[in-house]
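The values are calculated or read from the model by the stated rules, or taken from the named source; none is laboratory data. Small disclaimer: the values here were computed from a predicted structure and weren't measured. Here the Cβ positions follow ideal geometry from the backbone for every residue, glycine too, while neighbour counts run over all protein chains shown. Areas reflect the complete protein model, heavy atoms only, side chains present, ligands, DNA and RNA absent. Shrake-Rupley method; radii C 1.70, N 1.55, O 1.52, S 1.80 Å.
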Amino acid sequence: MFSTSTTSGRLKPSATASLTSMKRLAIIFCLFLSVFVTTSVIAQEPTEPKEVKAIITNIQDQEQDGKHFYKFEAKNSFGEVFSADTSASYPDGFFITLKKGDRVRLRIVENPDGTQTTFFDDKVRTGSLAVLFFVFAAIAIVIGFFRGLFSLIGLAFTVFVLFWFLFPQILAGRDPILMTVLASIVILFVNIHLSHGFRIRTFFSFLGTVAGLFVVVLTSYIFTHTSSISGVGTEESMLLLWEVKTITDPVALFIAA
């Protein structure tokens, strides 16, 4: 302990020197602790993988133990070049045909030493899917005329309800079964009347379909619980529960699906 005797109301020089030394040591310790904590947090903070779309510029076929793989280079729209080996993502063999000029989706992982590892995720199929959709739409319109057109409008409305109402409500923690029933009723009302016209007969058909929907929900609920289905029988469902904290009832989500 310091000597607290005073001379004319002041601390002795030895006590003043001791207090100054202790303050310096405390400041140095606090600086060291803050640097250590900051460095530890930065070092332990995980780096999220980055997804990029690129075009294959150079590709090589490879065979290993009877398994087919690709090694290729791909360049994105910013001119960055990435090298990927499909054996890193598909160790049991690769079954998709790749060629020069294909658009691919890559996953870039930052390594602790500052380097990057590139993994092949999948081919970009936007163009092929767009062509398929337009062919399907053309066939529906040619065969069904206005009814086919209205069916396509109903399909677009269904997608709208799913992505702008049902999925956000479930992710927000609402009851999946109730939200699915409400979304289904709205979708059925619009689609049935678009396809078959706004008539009394169509409306009663809609009511009958809704009654059938409630029978399906009730039956699913009863057999799901009597069979003790947990709703977490796959790795994907477990990951969903871990990642999305608002989803707490996997059985209800299973019934809704």
So Lys12, is it touching a Gly at 6+ places or on another chain (Cβ under 6 Å), open to solvent by 70 Å² or more (accessible area, probe 1.4 Å), more than 20 Å from Gln116 (Cβ to Cβ) and modelled with pLDDT under 85: no
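For residues that are of a type outside the set (A, V, I, L, M) and in a helix (DSSP H, G or I), scanning just region 216-233, find the one that is surrounded by the fewest Cβ atoms within 10 Å (Cβ to Cβ). So that I can check it myself, show each step before the final result.
Residues of region 216-233 that are of a type outside the set (A, V, I, L, M), as a first pass: 219-221, 223-228, 230-231, 233.
From what is left, the residues that are in a helix (DSSP H, G or I) are 219-221, 223-226.
Numbers: Thr219: 10, Ser220: 16, Tyr221: 14, Phe223: 11, Thr224: 16, His225: 11, Thr226: 8.
Only one residue fits best here, namely Thr226.
Give the residue that is farthest from Thr246 (Cα to Cα), with candidates limited to residues of region 158-182 that are aromatic (Phe, Trp, Tyr) and open to solvent by less than 90 Å² (accessible area, probe 1.4 Å). Outline the logic, then answer.
Of region 158-182, the ones aromatic (Phe, Trp, Tyr) are 160, 163-165, 167.
Narrowing the set further to residues that are open to solvent by less than 90 Å² (accessible area, probe 1.4 Å) leaves 165, 167.
Numbers: Phe165: 16, Phe167: 12 Å.
Here the answer is Phe165.
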Any idea which of Leu213, Leu207 is surrounded by 15 or more Cβ atoms within 10 Å (Cβ to Cβ), at negative phi, assigned to a helix (DSSP H, G or I) and among the hydrophobic types (A, V, I, L, M, F, W, C)? Leu213
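Report, by residue number, each residue of region 33-62 that is modelled with pLDDT of 85 or more and either among the charged types (D, E, K, R) or open to solvent by 90 Å² or more (accessible area, probe 1.4 Å) (or both).
Our first condition is that a residue be modelled with pLDDT of 85 or more; within region 33-62, this holds for 51-61.
Matches in region 33-62: Glu51, Lys53, Gln60, Asp61.
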Consider Ser195 carefully, then state whether it is surrounded by fewer than 16 Cβ atoms within 10 Å (Cβ to Cβ), in contact (Cβ under 8 Å) with a residue 12 or more places away in the chain and in contact with a helix residue (DSSP H, G or I) (Cβ under 9 Å, 6 or more places away or on another chain). yes
Of the residues in region 80-139, those that are open to solvent by less than 70 Å² (accessible area, probe 1.4 Å) and over 30 Å from Gly66 (Cα atoms) come to Asn111, Gly114, Thr115, Gly127, Ala130, Ala137, Ala138
Which helices (runs of 4 or more DSSP H) sit wholly inside region 102-183 and have at least 2 residues that are free of Cβ contacts under 8 Å to residues at least 24 places away in the same chain and more than 26 Å from the chain's Cα centre (by Cα)? 126-144, 146-161
The condition from (1) in contact with a Gly (Cβ under 8 Å, 6 or more places away or on another chain); (2) closer than 29 Å to Gly154 by Cβ; (3) not in a helix (DSSP H, G or I) that Phe198 misses is numbered (1)
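Restricting attention to region 238-257, report how many residues are among the acidic types (Asp, Glu) and assigned to a loop (DSSP other than H, G, I, E, B). Give the derivation first.
Applying the first criterion (among the acidic types (Asp, Glu)) to region 238-257 yields 243, 249.
Keeping just the survivors that are assigned to a loop (DSSP other than H, G, I, E, B) gives 249.
Total meeting the criteria: 1.
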Give just the number: which of (1) at pLDDT 90 or above; (2) closer than 30 Å to Ala74 by Cα; (3) not basic (Lys, Arg) does Val159 not satisfy? (2)
Kindly evaluate Phe254 against the criterion of being under 28 Å from Phe134 (Cα atoms), open to solvent by 40 Å² or more (accessible area, probe 1.4 Å), out of contact with any helix residue (DSSP H, G or I) (no Cβ under 6 Å at 6 or more places or on another chain) and not charged (D, E, K, R). no
Mind checking whether some residue in region 234-243 is among the β-branched types (Val, Ile, Thr), out of contact with any Gly (no Cβ under 8 Å at 6 or more places or on another chain) and open to solvent by less than 40 Å² (accessible area, probe 1.4 Å)? no
Do we have any residue at all in region 193-200 that's touching a strand residue (DSSP E or B) at 6+ places or on another chain (Cβ under 6 Å), among the aromatic types (Phe, Trp, Tyr) and at pLDDT below 90? no
Inside region 75-108, the number of residues satisfying the requirement of being farther than 21 Å from Glu48 by Cα and of a type in the set (A, V, I, L, M) is 2
